[in-house]
């Protein structure tokens with residue numbers, strides 16, 4: 001019955017305005033791109049794929065060692081069981097961060113080599129200390145909730161814990177726009193007028209569009225939709241507005257991001273998170289039983305390993321969902337702008353400016369691609385153009 | 001640990017002439033001028049001595065003697081200006097007159113030193129010089145003028161007011177100033193190659209033990225000095241949940257303190273429940289700061305429970321408090337708050353040094369740990385005073401040990 005309910009909820013969340021009978025043409029990628037750009041994008045992505053694999057393997061191995069021997073660090077605590085669990089959680093997070101540092105630096109080096117990043121190496125390591133501090137606080141709070149529930153409810157702690165974490169996720173999504181530093185309102189009058197028109201056409205109240213200043217960190221273009229209800233925003237990176245993309249192409253991005261809001265993708269994302277949180281917390285509960293359950297600090301290192309492994313295992317499924325959602329946003333953008341040429345030029349621009357490989361290998365597509373590939377996005381634009389209206 | 005070869009000998013009786021206290025800085029001008037010239041001379045001599053010591057491994061006797069004389073004179077001037085001593089220092093090289101001065105400096109004879117440490121002596125001394133500056137009586141620039149405000153400078157200013165009123169220097173303030181002078185003397189003796197021994201930051205090695213009658217708020221530094229490098233590196237981040245909890249708790253404490261103040265004004269005693277609640281907060285704050293600044297090793301609990309942490313703060317039970325003192329508690333606490341700021345600066349530096357040494361050696365030096373404990377105790381005593389836990393004023397001496405009662409003489413055997 002639970003499985004049926006789960007599947008029913010998933011089916012509801014899966015609904016999309018992209019026609020089921022859409023038949024995208026089979027695109028010859030090589031004809032769409034300059035061979036040298038294609039080669040560079042393939043080379044660029046190949047390195048990052050390898051780096052991802054190595055970093056994840058290193059992370060899992062280190063967390064496995066921490067799960068095995070990490071309880072020795074309990075002597076570093078004079079707090080009670082929950083406080084000790086917190087410090088073990090924070091130290092696990094610290095170890096995970098340390099393991100990732102060389103890979104982050106390697107990625108940065110590769111990005112700088114291809115003129116996609118401007119950040120300094122020291123800034124890369126220590127510039128996000130504030131964000132790391134926030135993660136430390138979050139893991140403390142999460143363990144406080146989990147361990148307090150586990151000490152009270154025993155092995156059933158996951159039942160109330162999952163909704164608590166879903167609530168927290170909703171809170172983070174709501175607060176998301178206010179946590180983005182260094183942004184200013186969109187000033188281009190043509191783009192502002194376009195965003196208001198698009199919002200009206202998609203049945204939305206006017207949604208503020210802001211420009212995030214990232215040009216000192218990267219040259220890659222990007223945008224995002226964030227917030228819930230009154231906090232809904234669209235953020236365009238200033239690297240999208242530096243002249244490399246025409247206003248028509250930026251309008252496609254605007255319509256795409258507004259499409260996330262008009263199709264309720266952020267509340268749906270929380271829904272998907274809830275569908276994964278319930279079985280995820282149950283699995284963690286089962287896995288740590290031999291360590292005395294989540295009420296005992298000894299279980300914390302093992303629970304971190306299980307959490308990371310579950311996240312890795314769930315990655316292909318999550319990417320199926322996000323690609324589905326992004327495809328819907330692309331479709332809404334095409335319906336709103338009616339400009340497939342601009343959309344195709346935009347997607348081709350992602351390859352030349354962000355070195356996004358148009359057609360990556362299958363395993364990389366499953367594990368790493370949160371968006372449809374550039375090839376798929378161009379194919380959708382052509383399919384939209386070919387449909388009778 | 002054996003005694004440091006550079007030691008202050010203190011025979012001051014705390015008596016201060018109100019007239020000379022009032023005019024202290026003016027009266028010190030001739031000495032400051034002489035010290036300026038003496039400093040230039042000492043600098044030149046030190047450079048020559050450094051060059052010779054790089055090759056021979058020891059200072060020539062003549063240079064050693066000159067630098068010893070300089071250090072002794074500078075210590076007396078510091079003690080006079082800092083109100084740690086009463087009489088005007090003699091401007092004389094007569095050694096017998098030095099020996100009668102209430103603040104004297106014992107210095108070792110010239111000995112062989114490792115040439116490598118001689119070569120990089122100044123750089124090795126930088127941490128001690130910075131700590132010496134924080135402790136006061138203030139930074140001395142090349143003109144031998146005081147340019148920075150250290151902990152002892154604040155103590156001197158407070159002592160100036162106290163001495164004018166009472167005709168005596170409060171012992172706690174005097175001991176604090178003596179500690180800074182003693183550490184400063186050891187630091188400069190190290191820099192000037194008079195000794196190879198690094199300055200000792202342990203307060204008990206510089207000042208006398210605390211008086212017998214204990215303060216109602218006392219600290220005990222326990223636990224090991226080993227520090228996990230992982231927890232040292234991430235110390236600030238690990239302390240974040242405690243800092244958040246401390247902030248939230250402080251909101252409640254503010255309200256509770258107001259209630260405690262009113263209750264003590266009326267009844268003359270802090271209610272037991274409030275004493276316990278506010279005491280737990282002060283204890284918890286001490287645990288958190290001890291963890292944050294590496295004086296304590298393990299991650300503390302969140303409830304400030306007694307006996308739960310190796311840096312243990314003992315707070316006596318609620319006792320009768322003077323209503324008039326309670327009425328003006330905040331006003332009377334201003335000098336302690338000022339001194340607390342200085343102690344906090346020292347604690348911060350202890351944390352920075354402890355972090356560096358902890359990462360390199362995996363342990364906290366005992367001198368820094370004890371200095372940190374002394375700072376924590378003063379902060380706790382100040383908080384306890386302001387939060388109506390006690391009407392005993394914070395005691396500013398950094399000593400951790402308490403005087404031992406004199407043992408009664410053995411009864412003599414009757415002679416048959």
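Each row is one residue, and each column tells you yes or no for (1) in contact with a helix residue (DSSP H, G or I) (Cβ under 7 Å, 6 or more places away or on another chain); (2) farther than 25 Å from residue A:53 by Cβ; (3) touching a residue at least 60 places away in the same chain (Cβ under 8 Å).
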residue: A:286; (1), (2), (3): no, yes, no
residue: A:290; (1), (2), (3): no, yes, no
residue: A:295; (1), (2), (3): yes, yes, yes
residue: A:314; (1), (2), (3): yes, no, no
residue: A:320; (1), (2), (3): no, no, no
residue: A:346; (1), (2), (3): yes, yes, yes
residue: A:351; (1), (2), (3): yes, no, yes
residue: A:354; (1), (2), (3): no, no, yes
residue: A:368; (1), (2), (3): yes, no, yes
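Among all residues of segment A:107-117, there is none that is farther than 27 Å from residue A:221 by Cβ and either within 12 Å of another protein chain (Cβ to nearest Cβ) or loosely packed, with under 15 Cβ neighbours inside 10 Å (or both).
Could you check segment A:174-195 and list, in sequence order, the residues that are surrounded by 15 or more Cβ atoms within 10 Å (Cβ to Cβ) and within 20 Å of residue A:264 (Cβ to Cβ)? A:174, A:176, A:177, A:195 - these are the residues of segment A:174-195 that are surrounded by 15 or more Cβ atoms within 10 Å (Cβ to Cβ) and within 20 Å of residue A:264 (Cβ to Cβ). Within segment B:220-238, being part of a strand (DSSP E or B) and surrounded by fewer than 17 Cβ atoms within 10 Å (Cβ to Cβ) holds for B:220, B:226.
So how many residues does segment A:64-88 have that are at the interface with chain B (Cβ under 10 Å from one of its Cβ atoms), in a helix (DSSP H, G or I) and either under 18 Å from residue B:240 (Cα atoms) or touching a helix residue (DSSP H, G or I) at 6+ places or on another chain (Cβ under 6 Å) (or both)? The number of residues fulfilling the criteria is 9. Please tell me if residue A:214 is buried (at least 19 other Cβ atoms within 10 Å of the Cβ), more than 22 Å from residue A:270 (Cα to Cα) and either at pLDDT below 95 or in contact with a helix residue (DSSP H, G or I) (Cβ under 7 Å, 6 or more places away or on another chain) (or both). Considered against the rule, which asks whether it is buried (at least 19 other Cβ atoms within 10 Å of the Cβ), more than 22 Å from residue A:270 (Cα to Cα) and either at pLDDT below 95 or in contact with a helix residue (DSSP H, G or I) (Cβ under 7 Å, 6 or more places away or on another chain) (or both), residue A:214 comes out as yes.
For the residues B:279, B:268, the requirement of being surrounded by 24 or more Cβ atoms within 10 Å (Cβ to Cβ) and either at pLDDT below 95 or over 21 Å from residue A:140 (Cβ atoms) (or both) singles out B:279. Of everything listed in (1) modelled with pLDDT under 95; (2) under 30 Å from residue A:346 (Cβ atoms), the single unmet condition for residue A:328 is (1).
Set side by side, the residues A:174, A:136, A:141 differ, and just one is farther than 20 Å from residue A:274 by Cβ and part of a helix (DSSP H, G or I), which is A:136.
In the set A:16, A:36, A:31, only one residue is surrounded by 12 or more Cβ atoms within 10 Å (Cβ to Cβ) and out of contact with any strand residue (DSSP E or B) (no Cβ under 7 Å at 6 or more places or on another chain); that residue is A:16. Only residues that are more than 19 Å from the chain's Cα centre (by Cα) and assigned to a helix (DSSP H, G or I) were counted across segment A:348-389, and they come to 17. With the structure loaded, tell me whether residue B:202 is modelled with pLDDT of 95 or more and closer than 30 Å to residue A:75 by Cα or whether it fails that test. In short, no. Within segment B:235-254, the residues that satisfy the criterion of being touching a residue at least 40 places away in the same chain (Cβ under 8 Å) and more than 9 Å from chain A (Cβ to nearest Cβ) are B:235, B:239, B:242, B:243, B:245, B:246, B:253. Residues in segment B:37-88 that are over 30 Å from residue B:167 (Cα atoms) and assigned to a helix (DSSP H, G or I): 30 in all. For segment B:16-25, the set of residues classified as over 18 Å from residue B:90 (Cβ atoms) and in a helix (DSSP H, G or I) consists of B:18, B:19, B:21, B:22, B:25, listed by residue number. Answer yes or no as to whether residue A:326 is more than 30 Å from residue A:153 (Cα to Cα) and surrounded by 16 or more Cβ atoms within 10 Å (Cβ to Cβ). So residue A:326 fits the description; yes. Highlighted here are the helices (runs of 4 or more DSSP H) found entirely within segment B:98-172 that include at least 1 residues which are more than 20 Å from the chain's Cα centre (by Cα), more than 27 Å from residue B:55 (Cβ to Cβ) and at pLDDT 90 or above: B:151-166. Within segment A:157-171, being in contact (Cβ under 8 Å) with a residue 40 or more places away in the chain and within 16 Å of residue A:279 (Cβ to Cβ) holds for A:157, A:158, A:161, A:162, A:163, A:165, A:166, A:169.
For the criterion of being more than 20 Å from residue A:365 (Cα to Cα), more than 28 Å from the chain's Cα centre (by Cα) and surrounded by 17 or more Cβ atoms within 10 Å (Cβ to Cβ), residue A:95 fails.
The values are calculated or read from the model by the stated rules, or taken from the named source; none is laboratory data. What you are looking at is a predicted structure, and each value in this text was computed from that prediction instead of being measured. Because the Cβ atoms are built from the backbone with ideal geometry, glycine has one as well, and the counts that use them run over all protein chains shown.
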